[in-house]
1. Assess whether residue 121 counts as being outside the structural domain of residue 264 (by TED's automatic domain parsing) and either closer than 17 Å to residue 369 by Cβ or in contact (Cβ under 8 Å) with a residue 12 or more places away in the chain (or both).
2. Within segment 258-280, is even one residue over 23 Å from residue 67 (Cα atoms) and either in the same structural domain as residue 22 (by TED's automatic domain parsing) or without any contact (Cβ under 8 Å) to a residue 24 or more places away in the chain (or both)?
3. Please find, among 66, 31, 52, the residue that is in contact with a helix residue (DSSP H, G or I) (Cβ under 9 Å, 6 or more places away or on another chain) and closer than 30 Å to residue 352 by Cα.
4. Would you confirm whether any residue within segment 323-343 is in contact (Cβ under 8 Å) with a residue 12 or more places away in the chain, in a loop (DSSP other than H, G, I, E, B), farther than 20 Å from residue 67 by Cβ and in contact with a strand residue (DSSP E or B) (Cβ under 7 Å, 6 or more places away or on another chain)?
5. Listed residues 97, 124, 82; which is under 26 Å from residue 262 (Cα atoms) and out of contact with any helix residue (DSSP H, G or I) (no Cβ under 6 Å at 6 or more places or on another chain)?
6. Can you tell me which of (1) in contact with a strand residue (DSSP E or B) (Cβ under 9 Å, 6 or more places away or on another chain); (2) at pLDDT 95 or above is the one residue 294 doesn't meet?
7. Which numbered condition in (1) out of contact with any helix residue (DSSP H, G or I) (no Cβ under 8 Å at 6 or more places or on another chain); (2) closer than 21 Å to residue 114 by Cβ is the only one that residue 308 fails?
8. Please go through segment 219-232 and give me each residue that is in contact with a helix residue (DSSP H, G or I) (Cβ under 7 Å, 6 or more places away or on another chain) and buried (at least 19 other Cβ atoms within 10 Å of the Cβ), ordered by number.
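The values are calculated or read from the model by the stated rules, or taken from the named source; none is laboratory data. Since this is a predicted model, take the numbers as computed values, not measurements. Here the Cβ positions follow ideal geometry from the backbone for every residue, glycine too, while neighbour counts run over all protein chains shown.
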C-alpha cells in the first residue's frame, strides 16, 4: 500500500510505517501525477483535494486531513467515488484556545489593561471557540458566545447576536469556519462596517481563517483607528500576507495557533485510527508515546499567581513573542511563511507543565485552565 503524506505532518512514520510505503510530498505544490498510484492520501489545509488533484488516480482507498476545517476538501467528489474521508475535529482546539488566551494576556500586559476587567466576545462556539471560552472561564473573565448555527441546532448554551456583541465587547476573538453560502456565511464576516463598529480600544483576534476579516478594509480602518489592537494568526491570501497590514498588527504569526506538539500528534493519530478502522485492523499505537518529555519537570507555586505571574507561567510553556518576532523578521513572504510552519516544533500546551502548590495555596483554577497535576 502506498501512502502519500504531507512532509510537515508529524509522527507519520511511527504511526503508519507498518501499514505501507510512505512517500512525503510538499502539500502546497502536490500535483496529480504524484498521486497516480497512491492508495492513501494524508494532507493538511494547504492541499486542495478535488477532482483536479485526483484525476490520474483510480485506486485511492482513503483520504485523511489532519485539520479541524474541511473547506479544502471536495467531500462530495470523494463521496461520488466512494473514497472514505476523515478529518480530525478538535485535534488542535486546545492549542488554538490557549493561543488566544495567551495573546490576550500579552496584550493586557503590554497595554496595562487587566484581562479580568475585559468583556470578551467569542465568535464561533465550536471546538476552538469552546476551548478559548474554557480558558476565559477558568480565569474568571466575562465572555459571551455567538454561533447562530449551533443555536439553530439546539445547543443549550446562551448565544448572542453578532452586532450586539460587537457593541458590548472589549475583546472579539474569531473562531468560525470559512463559508460563502448558507444562512450565515463567514467570508468577510468582519467587513469595513463591522470593523468600524468595534468599541474604542477594542482588541480583535483572528485564529480561524484569514478571509473572515476583509484585510483591505482592516488596513483602512486601522490607519484611522490606532486604538484597535490586533492579533492575527491567519491572513487573507496566505501564504502571502498583505505587507501593508503586518506593521499594523500587535501580534502576528503564520497560521500556527493550533501548532502545538500535542495538537499535531492528536491530528495524525486520529487519521491513523480512522485508517485502521477502514482496513479492519487494530490500532495498536498509543498517543501518549509520541510526545517528548517537557523541558521542565514541574514548577512549585508558593502562592496564587497574579496576572503577571500567570503570563510568566504561560510563557514557560509557549512564548508567543518568539513567533511574532520571527514572523516579522522572515515569515511575511510565501517562502518564509511556509518555512516557519514547517519548522514549528517548540510549541507545547499547558498540560505539558506540571504545577505543584505550597500548602494552602488556592490554585485549583489552574487545573481548569489546563495545567497538569495542580495540587
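1. Details: outside the structural domain of residue 264 (by TED's automatic domain parsing): yes; either closer than 17 Å to residue 369 by Cβ or in contact (Cβ under 8 Å) with a residue 12 or more places away in the chain (or both): yes.
Here the answer is yes, as residue 121 does meet what is asked.
2. Of all residues in segment 258-280, those over 23 Å from residue 67 (Cα atoms) come to 280.
Within this subset, residues satisfying the condition of being either in the same structural domain as residue 22 (by TED's automatic domain parsing) or without any contact (Cβ under 8 Å) to a residue 24 or more places away in the chain (or both) are 280.
Within segment 258-280, one or more residues are over 23 Å from residue 67 (Cα atoms) and either in the same structural domain as residue 22 (by TED's automatic domain parsing) or without any contact (Cβ under 8 Å) to a residue 24 or more places away in the chain (or both).
3. Numbers: 31 fails: closer than 30 Å to residue 352 by Cα; 52 fails: closer than 30 Å to residue 352 by Cα.
Testing whether each residue is in contact with a helix residue (DSSP H, G or I) (Cβ under 9 Å, 6 or more places away or on another chain) and closer than 30 Å to residue 352 by Cα leaves just 66.
4. No, segment 323-343 contains no residue that is in contact (Cβ under 8 Å) with a residue 12 or more places away in the chain, in a loop (DSSP other than H, G, I, E, B), farther than 20 Å from residue 67 by Cβ and in contact with a strand residue (DSSP E or B) (Cβ under 7 Å, 6 or more places away or on another chain).
5. Working: 97 fails: out of contact with any helix residue (DSSP H, G or I) (no Cβ under 6 Å at 6 or more places or on another chain); 82 fails: under 26 Å from residue 262 (Cα atoms).
Step by step, each of 97, 124, 82 is checked, and only 124 is under 26 Å from residue 262 (Cα atoms) and out of contact with any helix residue (DSSP H, G or I) (no Cβ under 6 Å at 6 or more places or on another chain).
6. Of (1) in contact with a strand residue (DSSP E or B) (Cβ under 9 Å, 6 or more places away or on another chain); (2) at pLDDT 95 or above, only one is false for residue 294: (2).
7. Condition (1) is where residue 308 drops out.
8. 221, 222, 228, 229, 230, 231 - these are the residues of segment 219-232 that are in contact with a helix residue (DSSP H, G or I) (Cβ under 7 Å, 6 or more places away or on another chain) and buried (at least 19 other Cβ atoms within 10 Å of the Cβ).
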